[in-house]
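The values are calculated or read from the model by the stated rules, or taken from the named source; none is laboratory data. Treat the numbers as computed from the prediction; the structure is a model and nothing was measured. Neighbour counts run over all protein chains shown; Cβ positions are idealised from the backbone, glycine included. Heads up: the accessible areas ignore ligands, DNA and RNA and are worked out on the full protein's heavy atoms, side chains in. Shrake-Rupley method; radii C 1.70, N 1.55, O 1.52, S 1.80 Å.
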Amino acid sequence: MQTAKTRKTGFVYAEQFMWHDTQRYNLLVPPGLTVQPGEHAENEETKRRFRNLVAVTSMEDELVPIKARVATEAELLRFHTQKHISDLDALCKSGGGEAGGKSPVGPASFDIAKLAVGGVLEAVDAVINGTVDNAYVLCRPPGHHAEKELVTGFCLLANGVLGVEHARQIHGLKRIAIVDWDVHHGNGAESAFYDDPDILTISMHQDNLFPPGRGGMTETGTGAGAGANLNIPLFPGSGSGAYRAAFDQLVVPALEEFQPEIIFVASGFDASALDPLGHMMLSSQDYAYMTDALMAIADTHCQGRILMTHEGGYSAAYVPYCGLAVLERMSGHDTGVADPFLDFIENYGGQNLLPHQQAVIDEVAAHHQKTTH
């Protein structure tokens, strides 16, 4: 695999991220008389195995460690309400429980969520100040579903949205793009910036998977922000051909037209072929392809500035290889580690772009053109 030029890639990871307690749910539901206790879908294993793969390869020495810190209440209030913060704090101090939207928490979860946010803020500082060229924040709990006063989809605090506000309010950046390739709709960023023309929000996701009823292609922004929200709802079963076509025909042109000063990525790996909570067919090399496209745009418009926050991805076996592929493209360093699942996934039937998938891409393009011109 040929890689791009070598770059300084920051990496945020803290052991405490792995200590966020999602209790003994059976994938998505709490245990009961007819539901045997098990393991919540959002558990530490996928992230720990991603970190471990980095540690046992040459990637370990290529990354620039960035130490996470606990975000302050004032920093959280840049987006969340006082009620949201107080309610989460009180629930965790009471011992934890269901915080909403299949999102159980433990006694330390709110503190760990603040550490995740602080890790994102430190990464923003490092990228914008030029300490690193780009950065990946391997944190949990995730954040792309959290809204101003809403916990849902395993997300307590809006990590990426708070990173965007930090870039704006502390560093004075004006035009920021968010690309969400998680298999679930990026409702958090959409809700935060739906009427804001200075923030371009793009979500590629499985159509009407989660949250229910969100992420339709006609939802393009409102008021001054009309046209600054791009939803790309893809059919279940979409694979390499559909995603690459959508990226080339929709995501790249939108970013080129918008010309952001920094690109945030909600990096979920649950559109992979082996994920239990999605029905897509991506391989590690599809994530590498999308990363390459973003890197080219960032080099042209953003001084190379990209910041990725880790979101979903629930295949403990496969998330590490998708994550490593992204880090290889971000850093320009080829570890020489082969994806042991790649041949299996690339030979899935339906990986090529199919007519019904192109039809969706064309329809999204038409809606976007109508609202931006």
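With charges set only on the Cβ (+1 for Lys and Arg, -1 for Asp and Glu), what does the dipole of the chain come to about its Cα centre, in debye to the nearest 20?
Dipole magnitude for the chain comes out near 500 debye.
Say each of Leu33 and Val56 gets a label point 7 Å from the Cα, pointing the same way as Cα to Cβ; how far apart are those two points in nm?
Computed distance between label sites Leu33 and Val56 equals 4.5 nm.
From the backbone phi of region 341-358, what are the Karplus-calculated ³J(HN,Hα) couplings (6.51 cos²θ - 1.76 cosθ + 1.60, θ = phi - 60°) in whole Hz, Gly and Pro given as x?
Taking θ as phi minus 60°, the curve returns 9, 4, 4, 4, 6, 5, 8, 4, x, x, 6, 6, 5, 10, x, 5, 6, 5 Hz for region 341-358.
Amide H of Leu282 versus every other amide H placed in the peptide plane: which residues, excluding those fewer than 5 positions away on the same chain, fall under 5 Å?
Ser272, Ala273
About the Cα centre of region 167-289, what is the dipole size in debye to 20, counting +1 per Lys and Arg Cβ and -1 per Asp and Glu Cβ, all else neutral?
Working: 5 positive and 15 negative charges, 18 e Å.
Charge dipole of region 167-289: 80 debye, to the nearest 20.
Largest first, please: the extent of the C-alpha atoms of region 201-317 along each principal axis, to the nearest Å.
36, 30, 24
Sequence gap at least 6, Cα distance under 8 Å: using those rules, report the relative contact order of region 1-45 to the nearest whole percent.
32
Please list the non-local residues whose amide H lies under 5 Å from the amide H of Glu39, H modeled 1.01 Å from N, same-chain partners needing a gap of 5 or more.
So Glu39 has HN proximity to Leu27.
Let me check I've understood the local charge: for Arg48, count other residues with C-beta under 11 angstrom from its C-beta, Lys and Arg +1, Asp and Glu -1. What total comes out?
In short, +1.
So what J values fall out for region 15-21 if you push phi through Karplus, 6.51 cos²θ - 1.76 cosθ + 1.60 with θ = phi - 60°, rounded to Hz, Gly and Pro as x?
4, 4, 4, 6, 9, 4, 9
Any idea of the accessible area per residue across region 190-327, 1.4 Å probe, to the nearest Å²? Mind showing how you got there, number by number?
Numbers: 3640 Å² over 138 residues.
Here the residues of region 190-327 average 26 Å² of exposed surface.
Sort out for me the Cα centre separation of region 323-373 from region 224-259, rounded to whole Å.
11
For region 123-234, I need the span (max minus min coordinate) of the C-alpha atoms along each principal axis, in Å, sorted largest to smallest.
40, 32, 26
Determine ³J(HN,Hα), in whole Hz, for all residues of region 285-302 in sequence, where each value follows from phi through the Karplus function 6.51 cos²θ - 1.76 cosθ + 1.60 and θ = phi - 60°; x replaces Gly and Pro.
Karplus values, whole Hz, x for Gly and Pro: 6, 6, 5, 4, 4, 5, 5, 4, 5, 5, 4, 5, 5, 5, 4, 6, 10, 10.
In the chain, if the dipole is taken from +1 on Lys/Arg beta carbons and -1 on Asp/Glu beta carbons about the Cα centre, which of His80, Pro236, Asn134 is farthest to the positive end?
Result: His80.
Could you work out the relative contact order of region 122-165, using alpha carbon pairs under 8 angstrom and six or more residues apart, expressed as a whole percent?
On the way: 46 pairs, mean separation 12.1, N = 44.
So the answer I get is 27 percent.
With an 8 Å Cα cut-off and a minimum separation of 6 or more residues, compute the relative contact order for the chain in percent.
Contact order relative to length: 19 percent.
Dipole of the chain (Lys/Arg Cβ +1, Asp/Glu Cβ -1, origin at the Cα centre): which of Leu255, Pro355, Gly163 lies farthest to the positive side?
Going by the charge dipole, the pick is Gly163.
What FRET efficiency comes out for Lys174 versus Gln369 if R0 is 25 angstrom and r is the Cβ-Cβ distance? Round to the nearest 0.05.
0.55
For the residue pair Ala224 and Asn208, what label-to-label distance in nm results when each label sits 7 Å from Cα along the Cα-to-beta-carbon direction?
My value for the distance between the label points is 3.5 nm.
Kindly provide the pair-distance distribution of region 68-132 built from C-alpha pairs, with 10 Å bins from 0 and whole-percent values in order of increasing distance.
21, 45, 24, 9, 0
Could you tell me which of the pairs Lys8/Lys102; Lys67/Lys93; Lys67/Lys148; Lys5/Lys67 are separated by over 28 angstrom between their Cα atoms in the structure shown? Before the final figure, lay out each step's value.
Details: Lys8/Lys102 37 Å; Lys67/Lys93 25 Å; Lys67/Lys148 26 Å; Lys5/Lys67 25 Å.
Table pairs above 28 Å Cα-Cα are Lys8/Lys102.
For every other residue with a beta carbon closer than 11 angstrom to the beta carbon of Gln351, add +1 if it is Lys or Arg and -1 if Asp or Glu, then tell me the sum.
In short, -1.
Given the chain, what whole percent of its Cα pairs are spread farther than 28 Å?
Numbers: 26946 of 69378 pairs.
More than 28 Å apart: 39 percent of the Cα pairs in the chain.
Pop out the carbon and sulfur fraction of the accessible area of region 234-320 as a percent, whole number, probe 1.4 Å.
With neighbouring chains kept in place, the figure for region 234-320 is 52 percent.
Treat each spin label as a single point 7 Å out from the Cα along the C-beta direction, and report the Asn26 to Asp343 distance in nm.
3.8
Around Ser94, what is the net charge, scoring Lys/Arg as +1 and Asp/Glu as -1 over all other residues with Cβ under 15 Å from its Cβ?
My count for the surroundings of Ser94 gives -4.
Semi-axes of region 189-244's equivalent ellipsoid from the Cα gyration tensor, sqrt of 5 times each eigenvalue, largest first, rounded to whole Å?
22, 12, 8
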